[in-house]
1. Taking only region 134-175 into account, find how many residues are of a type in the set (A, V, I, L, M) and part of a loop (DSSP other than H, G, I, E, B).
2. For region 72-101, give me the residue count where each residue is open to solvent by less than 60 Å² (accessible area, probe 1.4 Å), of a type in the set (A, V, I, L, M), under 17 Å from Tyr16 (Cβ atoms) and in a helix (DSSP H, G or I).
3. Among the residues of region 10-32, are any over 18 Å from Glu80 (Cα atoms) and part of a strand (DSSP E or B)?
4. What number of residues within region 126-175 satisfy the criterion of being more than 21 Å from Asn44 (Cβ to Cβ) and of a type outside the set (A, V, I, L, M, F, W, C)?
5. Within the set of pairs 6 or more residues apart or between chains, which connect a residue that is free of Cβ contacts under 8 Å to residues at least 40 places away in the same chain inside region 68-79 to a residue that is open to solvent by less than 30 Å² (accessible area, probe 1.4 Å) with Cβ atoms less than 6 Å apart?
6. Could you list, in sequence order, all residues of region 144-162 that are surrounded by fewer than 13 Cβ atoms within 10 Å (Cβ to Cβ) and more than 17 Å from Asp133 (Cα to Cα)?
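The values are calculated or read from the model by the stated rules, or taken from the named source; none is laboratory data. The structure displayed is predicted, hence computed values, not measured ones. Quick reminder, even Gly has a Cβ in these numbers, built from the backbone with ideal geometry, and neighbours come from all protein chains shown. For accessibility, only protein heavy atoms count, side chains too; no ligands or nucleic acids. Shrake-Rupley method; radii C 1.70, N 1.55, O 1.52, S 1.80 Å.
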Amino acid sequence: MIKLDIISDVACPWCYVGKGFLDRALEARPGHPFQIEWHPYQLNPELPPEGMDRQAYMAAKFGSRENIVRIHEPLLAHAEKAGIVFDLPAIRRTSNTLDAHRLIHWAGLEGRQTPVVSALFRAYWRDGRDIGDPAVLAAIAAEAGLDGPTIARLLASDADRAEIRARIAHSQERG
C-alpha cells in the first residue's frame, strides 16, 4: 500500500472538488494501492466556535453579490466535472471546523475516516448542514457507522482538541 496523506478542510470548496476528482480516479482503478489518511487544516481558525452567518461571512470576504457569483463560477464548473453537487444557497452558517476535524480523527481510529470525510463534505456543501454544531456532527458520525452518543460525549469534552490544533499549526507552519 502507498500512503496518500491529504491535508484538507471540509469547509474548503476546492478540497471538496479535489476529493470528487480523487474519488473518480480511485473508482476507475478498484485495485489501487492507496491508503488515504486525512489531516486537519482550517481555512478560518479565527471563526468563533458557533461559526457565523454565511451571507455576512461571504460579504466580508468577497464584497458584493456580483463578486461572490463571479468567484463561484469556476468552482461550480469544476464541481460538475468532478461529479459533485454544491447547493450554496442551502448553507446558512460558515462553520468553525475544529470539531469536525476531531470527528475525522476519531473516525480514523475506527477505520472510517474517508466515509466520515465524505459525509461531512456532502452535509455542508450539498445539504447546508452546520458542521460546527456538535449535534449535527454526532448525527453525521452515527450515519457513517460510528457511535453517535459516544461522539457527542467526546465533542462535549476537550478530548483531542489540543492535538488537532497542534496538527493544524504544523500544517500551517509548513505552508
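1. The qualifying residues number 4.
2. Adding up the residues that qualify gives 7.
3. no
4. The qualifying residues number 8.
5. Ile68/Met58
6. Across region 144-162, the qualifying residue is only Ala162.
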